[in-house]
Amino acid sequence: MSDIIRRDPRAEWIIRNRLHPLHDQYVSQEEGGEIRGPSGIIRKFPHKVGFIGPNGVKRIDRLKGNAASATGKRSSATQEVQLPLHQISSPEFYVVVVPDLVGGRLTSHDKDILGLAHKLISEHGGQGAVAALCFGEVKEEHFDLAGVDRLIHLNDPAFDGYAPEARVQALAYVDTQLTVKHWLFPDSVHGGADLGSRLAAKLGERPATQAWQVTAEQVVCRGASSSLDISRAMPRIAMLLEECGDAIDETRHEASSIEFADIPLLEGHIVDKGLMDVDPNAIPLAEAEFILSAGNGIHNWDQFHQAAATLGATEGASRVAVDDGFMPRIRQVGATGTWVTARVYIAVGISGAIQHMQGIGQVDKVVAINTDAGCDMVKRAALSVIGDSEEILSELMALVNAHRNQASSESEENSHAA
Amino acid sequence: MVIDWLPSVLIVALLALGVIGALRRVNLWRAGQPEKVNLIAGLLAMPNRYLKDLHHVVERDKYMSRTHVATGGGFVLSMVLVLVVHVFNVQERIVAWALLGALALMLIGAFFVFKRRLNPPERLSKGPWMRLPKSLITFAVTFIVLTLPAAGILPEGTGGVVLIVVLSIGIVIGLGELLFGMGWGGPMKHAFAGALHLAFHRRPERFGGGRSTGLKPANLEGAVIGVAKPSDFKWNQLLGFDACVQCGKCQAMCPAFAAGQPLNPKKLIQDMVVGLAGGTDANYAGSPYPGKEIGNAKGSPTEVITAGLVSQETLWSCTTCRACVEECPMMIEHVDAIVDMRRFLTMEKGETPNKGSEVLENIIATDNPGGYAPGSRTNWAADQNLAVMKEKKEADVLFWVSDGAFDMRSQRILRAFVKLMKHANVDVAILGDEERDSGDVARRLGDDATFQSLAKRNLATLGQYKFKKIVTTDPHAYHCLRNEYADFDANGALEGVEVLHHTTFLNQLVQSGALKLDAFKGGKVTYHDPCYLGRYNGEYEAPRELLRSLGIEIAEMERSGFRSRCCGGGGGAPITDIPGERRIADMRMEDVTETGAELVAVGCQQCTAMLEGVVEPRPEVKDISEILVGQLVEEVH
Amino acid sequence: MPHKIISLISVGRHPQSGRARRSDQDGRAVELGLKLSGSQLEVVHAGDSEEPVLRQYAGMGLAEITILEQDQSMDAVASLSTYLASRDADIVLTGVRSESGESSGMVPYILAEALGWPLVARVADIVEIKDGTAEVLLALPRGQRRAATVKLPFIATIDSAAQEARQSAYGPGLRANMVAQSGANELDELRANWSEAPAKPRPKRLKMVKAKTAADRFKAATAKPAGGSGKVMKNESTEEKAQAIFDLLIEEKVIR
Ligand SMILES: Cc1cc2nc3c(=O)[nH]c(=O)nc-3n(C[C@H](O)[C@H](O)[C@H](O)COP(=O)(O)OP(=O)(O)OC[C@H]3O[C@@H](n4cnc5c(N)ncnc54)[C@H](O)[C@@H]3O)c2cc1C
Ligand code: SF4
Ligand code: SF4
């Protein structure tokens, strides 16, 4: 079966090593199977030509590598369209994007910026490459599809966790090593704005911040709490808002790595002491992401608290639940309580009085559990289930517990297998 | 006889001590801030104020009013005659008989006081007040016996030394209470302080049936704004506190007290007395602030009140409903005092509780308590086709929309009212985005700086246009415009302008036939008097007349009219939200339910919000304009 | 030994009315400063000493505010860095981003660079200062926190998750001393070349479906738009109802 993956360690090594004399040849073999022989004649690699069709029959590739590649992957199963590869062999300049990589993966914000980086390169003209500079643990598997031509992955432990001082030194060092036309950062709370500002201060550049309309010449930035548009010449460093550009979706990129050894680092003044273990109920109600809120329709309070703990939700309450002494005052949501910003708000036995609704105006998804299908909370909710709160909560807890058990046994299995 | 002279000497001595005490008391009041009062006119007006105005209030309790006339009148008369007979030794029989008559009157009165005190209602203070009827009786009996010889009923010298001694003790007890106690802070202080309080009252307009409910502007330039220490009150406010008879009528009416919030207006006034005289509340023998023990409060004229005398929650529990003021026989001004102290907390300490500071910040930055964009104030009226003053410049009626413009529920009231006006072809315009919050909430929360700034800016806007009437659906704005803006209206923007509540205005339209209405066919209806419409502005009739014009027979609540119970929504109380045992709105809804009504009519968006905040099932809540709109007779053209 | 703390303040802007106000984060920076050093706190503003908003800050109980008097078009950083260099402070607190003007958030970074101090961003609280080191809590999104230590002297930008600024009282605000001294007079030349206009609304990007097939395109065109009223489950079994909620929680990634 051609399905079976036969590894060729040597080929893999050559492909990884950009400096190997056969590197280009192997890479292009991987891609499409065409190489130019020493005499300049195009040769085909018969084994590489074509691909395995959906029903397992080998077909000749007339799409010039735009179809799924047959090698290296269990590709007979993958029906993905193989996107055309965008290649920059020897870049004249770089646009370096420093993505947030929340949870080790590119965010949609990061991807927009990578897309924008390509736009800038094409506007500048010439051979430019988009480099993504990543620190620490990286879980992203599709840098190639996000438009990363070159990947700079700095995973010295010095950059782990909260290490803005070390990171900015690395950026400044990279700046001396490559021709960087632009440094692009997401203007975000995930560290992008911080790092961008540090680099700008260090390099003495005046960055564009909260930029949202960007061309190679000009940039429009939000100012004065987003009430002002400031138009100015596009500087070398920019921090960009979400949706500043369109993510790459029609090309594939090399994502080949650039290594930097021994970046000189001065010792910093800031020491990371790690993430705090925050109990969901210790999170200020206004900041909580997920709230389970109780009203007059809760009759089993022990169960409610247990449900909140099981779901890992922060507890909220209507005023009636507070007035009746079941919940402390700080838990009250609404006009005279807290205005919450949760993404998901489960209102259990809350009718939806206007004073309560004021407090959940900014909530993304409301789930109502109520016996009364006609109440105002049901009108507001994205999902309403009509029924007794106690029954539904107990069923929900059972589901969550089952899910957790499964997840933990899986991870156990994994760790046994490892 | 040897000690014949004793009674006269005792009388003179106690009188002298009483005068000394009184002067000392006067000095305590003088520690307060200066306030211009016409002393002579006040003193001249005093008897009339006492007989008419004070008794008008006392009259609500017939038993007490008769008792008081007998006791008080008897005492004043007998005291004068005692001096004539026993000190100046006038030996006219007729005078002695007159004295006997006066004493008998007083004795009867004192007897009824005694009877009331056998089983006193909770609102009355105990302690020295329980002693008072006995002292009164002792006084009357003593002097009756003492006068009998002068009246010729008993021969001179009857009873000998023993009787003289007994009588002397009686004199000491009786006059000790009545003269000495008057000056030195006993229960009888109320007579002396009360009389002067009536003479030098800070709101003389209240006498003779007048109404004076607007708060006085705070002096924003002083070294301290508002009242921090008892001595920061005006002198006649201090005098007013001293007039309190601890009858507890205010307490019985106070919604916050009934809801178990830590406020009792009687105790508050007594604490002010403790403050002005210095000392502790250990001798206070009335009901406490709910949830707070007696005996821990102490203060002096120069100590900050909230640092030990009165807690901040007490001051923030008040809804400024004025039920206490309306009920107080001594015409004491609780609300003025409370707001004065709030001014200090807000403008000097920055300690407005709960959502207070946020609301004030919003008002400052956006001219509305919700912090909405000022440019969205007229969004509600996008489909209403209402003229805006900026373009129209002139109209018969200026409709003051108030901050209900930002609230979906209140907008229903606004739309209903607009529809009624259109129907009656009223020439009306609104200020649109030029309108600002009236400043009501800011002022009640103690931020007079913001109130004054809003008042001045609103007046400047109003001054640009011509109109004959301002009509508003919001009794709070109504009160500000009608009673409080005048202090800042240097350019006469509101001169000659009639400020009306929408129920008054609608009633005029209905009575004049401009609005035709069908009979109402729903169930039983009751009416809730909003404090700021009723007690603050005396409008009890128009809303009722409107309901009657729909053929509704109002099922009145026990507490209605000037005795209406607050909904809990005034004075910024929902914002400061001081916890109690119950919600005021729930209690009011119980009042409604007791009448068996299915619908409660109100005339205020705030009352609507408060009453609708009560958990269902409960009677429906509607503004009168909403009820009227449902009954409009659509004319077919 | 009490530490020398300086809070920097600017003129904020109310998000709804656009009116000048005490800026939210700067207010929190003052609040934190008051917590750390009480009446010793020094509060500094580069700008106009007649600015009424300064009284709102003063109303938090400040006896005085130091003003580096300068024109709006002048560069605030120049004044501030000269001033701070002369003050020998331990901690300088600022907001993350000003509410008016360029709002770049660069001021603290440039100051830190100029002074050669470390900077910690988005601080929720400063828990303890001991032996020349401060223990700080950094605000992460959604109520999460990170602990870190930083050597004095340093600059901290204060996040909106820090303790809210206390209420401003009118009286003390009115009476506070505005101590003005002249600031630097460096024209912000770069900025002079920029053009400013009221913000244009940014249309939210539509979920553009790059349909690969006609069927996809059809689906995209006919799909119910997001929003509108939600799904109501009435007669389903309790299990199904709970499952629907559970699915939503998984989809929204609040349960992992
Ligand atoms: C000035 C003011 C400020 C206020 N501020 C606030 C505020 O900040 N926050 C606030 O929450 N309220 C506030 N309120 C009160 C508000 O108006 C409502 O009274 C309150 O929100 C109602 O609470 P609730 O929904 O829990 O109770 P209810 O209105 O009694 O609703 C209970 C709901 O539970 C349902 N139910 C009953 N049994 C069950 C069951 N077994 N299973 C499932 N469902 C069941 C019922 O169908 C009903 O919909 C304020 C009111 C006023 C006047
Ligand atoms: S105004 Fe109303 S709430 Fe305030 S003390 Fe008087 S009765 Fe009580
Ligand atoms: S304040 Fe007035 S109503 Fe209240 S106890 Fe004193 S005299 Fe009576």
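On inspection, A:Gly359 does not qualify as out of contact with any helix residue (DSSP H, G or I) (no Cβ under 6 Å at 6 or more places or on another chain) and more than 8 Å from ligand 1 (Cβ to nearest atom). In summary, B:Ile627 fulfils each of the numbered conditions (1) out of contact with any Ser or Thr (no Cβ under 8 Å at 6 or more places or on another chain); (2) open to solvent by 10 Å² or more (accessible area, probe 1.4 Å); (3) more than 16 Å from ligand 1 (Cβ to nearest atom) with the single exception of condition (2).
If you check A:Ala166, A:Ala211, A:Ala201, A:Ala216 for being open to solvent by less than 20 Å² (accessible area, probe 1.4 Å), over 30 Å from C:Ala148 (Cβ atoms) and not acidic (Asp, Glu), only one passes: A:Ala216. Out of curiosity, is C:Leu80 farther than 11 Å from C:Ser7 by Cα and open to solvent by 10 Å² or more (accessible area, probe 1.4 Å)? For C:Leu80, the condition - farther than 11 Å from C:Ser7 by Cα and open to solvent by 10 Å² or more (accessible area, probe 1.4 Å) - is met.
Scanning region B:349-378 for residues that are in contact (Cβ under 8 Å) with a residue 24 or more places away in the chain, open to solvent by less than 30 Å² (accessible area, probe 1.4 Å) and either at the interface with chain C (Cβ under 8 Å from one of its Cβ atoms) or out of contact with any helix residue (DSSP H, G or I) (no Cβ under 8 Å at 6 or more places or on another chain) (or both) yields B:Thr352, B:Gly356, B:Leu360, B:Asp367. Among the residues of region C:185-203, those identified as in contact (Cβ under 8 Å) with a residue 12 or more places away in the chain, within 11 Å of another protein chain (Cβ to nearest Cβ) and charged (D, E, K, R) are C:Asp188, C:Arg191.
Cβ-Cβ contacts under 8 Å between residues 6 or more apart (or on different chains), taken from a first residue in region B:567-585 that is within 9 Å of another protein chain (Cβ to nearest Cβ) to a second residue that is away from ligand 2 (no atom under 13 Å from the Cβ) and in a helix (DSSP H, G or I), are listed as B:Pro574/B:Met610; B:Ile575/B:Gly356; B:Ile575/B:Val359; B:Ile575/B:Val441; B:Pro579/A:Arg329; B:Arg583/A:Asp323.
Matching residues to (1) crowded, with 22+ Cβ neighbours inside 10 Å; (2) in contact (Cβ under 8 Å) with a residue 24 or more places away in the chain; (3) more than 33 Å from the chain's Cα centre (by Cα):
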site: B:Ser512; (1), (2), (3): no, no, yes
site: B:Asp529; (1), (2), (3): yes, yes, no
site: B:Gly534; (1), (2), (3): yes, yes, no
site: B:Gly538; (1), (2), (3): no, yes, no
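Here's the yes/no breakdown for (1) over 24 Å from B:Val401 (Cβ atoms); (2) in contact with a Cys (Cβ under 8 Å, 6 or more places away or on another chain); (3) in a loop (DSSP other than H, G, I, E, B):
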position	(1), (2), (3)
B:Tyr478	no, no, no
B:Gly492	no, no, yes
B:Leu506	no, no, no
B:Phe520	yes, no, yes
B:Thr526	yes, no, no
B:Leu533	no, yes, yes
B:Arg548	yes, no, no
B:Ile552	yes, no, yes
B:Ala555	yes, no, yes
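Looking at region A:305-317 only, could you name the residues that are open to solvent by 10 Å² or more (accessible area, probe 1.4 Å) and either of a type in the set (S, T, N, Q) or within 16 Å of ligand 2 (Cβ to nearest atom) (or both)? Listed by number, the residues that qualify are A:Gln306, A:Thr310. Across region A:310-319, the number of residues qualifying as assigned to a loop (DSSP other than H, G, I, E, B), within 22 Å of B:Asp577 (Cβ to Cβ) and away from ligand 1 (no atom under 13 Å from the Cβ) comes to 0. Residues of region A:323-343 that are over 21 Å from C:Glu164 (Cβ atoms) and surrounded by 22 or more Cβ atoms within 10 Å (Cβ to Cβ): A:Met327 alone.
If the condition is being in contact with a Cys (Cβ under 6 Å, 6 or more places away or on another chain) and within 10 Å of another protein chain (Cβ to nearest Cβ), then region A:347-364 contributes only A:Ser351. Where helices (runs of 4 or more DSSP H) fall entirely within region B:119-205, those with at least 1 residues that are in the same structural domain as B:Leu23 (by TED's automatic domain parsing) and more than 30 Å from B:Leu215 (Cβ to Cβ) are at B:128-151, B:160-175. Evaluate the following for B:Lys249: is it among the basic types (Lys, Arg), without any contact (Cβ under 8 Å) to a residue 60 or more places away in the chain and within 13 Å of ligand 2 (Cβ to nearest atom)? So B:Lys249 fails the test.
One line per residue, one yes/no per condition, for (1) assigned by TED's automatic domain parsing to the domain that holds B:Ala601; (2) open to solvent by less than 50 Å² (accessible area, probe 1.4 Å):
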| residue | (1), (2) |
| --- | --- |
| B:Ala455 | no, yes |
| B:Phe488 | no, yes |
| B:Lys521 | yes, no |
| B:Lys524 | yes, no |
| B:Ala542 | yes, yes |
| B:Leu546 | yes, yes |
| B:Leu550 | yes, yes |
| B:Ile554 | yes, yes |
| B:Met557 | yes, yes |
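Looking at C:Ser98, C:Ser73, just one residue is crowded, with 21+ Cβ neighbours inside 10 Å and either closer than 27 Å to A:Glu205 by Cα or not assigned by TED's automatic domain parsing to the domain that holds C:Ala124 (or both), and that residue is C:Ser98. Here the helices (runs of 4 or more DSSP H) wholly within region B:249-338 that include at least 2 residues being farther than 30 Å from B:Ser65 by Cβ and either modelled with pLDDT of 95 or more or within 16 Å of ligand 1 (Cβ to nearest atom) (or both) are B:312-316. The set of residues from region C:165-184 being open to solvent by 30 Å² or more (accessible area, probe 1.4 Å), more than 9 Å from every other protein chain (Cβ to nearest Cβ) and either out of contact with any strand residue (DSSP E or B) (no Cβ under 6 Å at 6 or more places or on another chain) or under 30 Å from B:Glu348 (Cα atoms) (or both) comprises C:Asn177, C:Met178, C:Val179, C:Ala180, C:Gln181.
Is it fair to say B:Ala555 is under 23 Å from the mean Cα position of the chain (by Cα), on the phi < 0 side of the Ramachandran plot and not aromatic (Phe, Trp, Tyr)? When the stated conditions are applied, B:Ala555 does not pass them.
The values are calculated or read from the model by the stated rules, or taken from the named source; none is laboratory data. Nothing here was measured: the structure is a model prediction, and the numbers come from that model. Quick reminder, even Gly has a Cβ in these numbers, built from the backbone with ideal geometry, and neighbours come from all protein chains shown. What goes into the accessible areas is simple: the full protein's heavy atoms, side chains included, and nothing from ligands, DNA or RNA. Shrake-Rupley method; radii C 1.70, N 1.55, O 1.52, S 1.80 Å.
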